[in-house]
Amino acid sequence: MKHAVELTAVLDKTFATKDRSEWREILSAGGIVFDVVASAQDIPNDSQIMANDILVPFDNDTVLTVASPITVVGQDKVSPRRPPTVGQHTDEVLREAGYDAAMIVKLRADGAVA
């Protein structure tokens, strides 16, 4: 175990001398198989994630989200949609529940709904 700790210290010191892109070039040129541990900032720029449609834009948007991993044979995947804003469907829900326009106005005025 002592040797592993010493080796790790040597490697840490060595790898700290260059940035990741430089090491990628050096190791690739040497035919060395390697990979890096991705950070959260790396994920949107990962070519494999994008090529496999793991990150996809919301419907009619440029903001990315994680795609559903579920596929149903014979069915196209539905583009992800942004969730509704707070209160976006309140009036519709209340009307479906039997409230009339005057009661909805009163509920809003009383602060019972947003």
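Structure values in brief
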item	result
Test for ILE32: is it loosely packed, with under 10 Cβ neighbours inside 10 Å, closer than 28 Å to LYS13 by Cβ and among the hydrophobic types (A, V, I, L, M, F, W, C)	yes
Candidate set from the range 71-95 (those that are assigned to a loop (DSSP other than H, G, I, E, B) and among the β-branched types (Val, Ile, Thr)); member that is farthest from ASN52 (Cα to Cα)	VAL86
Residue match in the range 50-66 (condition: loosely packed, with under 12 Cβ neighbours inside 10 Å and outside any loop (DSSP other than H, G, I, E, B))	yes
Qualifying position, being surrounded by 10 or more Cβ atoms within 10 Å (Cβ to Cβ) and touching a residue at least 24 places away in the same chain (Cβ under 8 Å), among ARG108, ARG82	ARG82
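Matching residues to (1) in contact (Cβ under 8 Å) with a residue 40 or more places away in the chain; (2) in the same structural domain as ALA112 (by TED's automatic domain parsing); (3) not β-branched (Val, Ile, Thr):
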{"site": "ASN45", "(1), (2), (3)": "no, no, yes"}
{"site": "ASP53", "(1), (2), (3)": "no, no, yes"}
{"site": "THR65", "(1), (2), (3)": "no, no, no"}
{"site": "GLN75", "(1), (2), (3)": "no, no, yes"}
{"site": "THR90", "(1), (2), (3)": "no, yes, no"}
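The values are calculated or read from the model by the stated rules, or taken from the named source; none is laboratory data. Fair warning: this is a prediction, and the values are worked out from it, not measured in the lab. Every residue, glycine among them, receives a Cβ derived from its backbone with ideal geometry; neighbour counts consider all protein chains shown.
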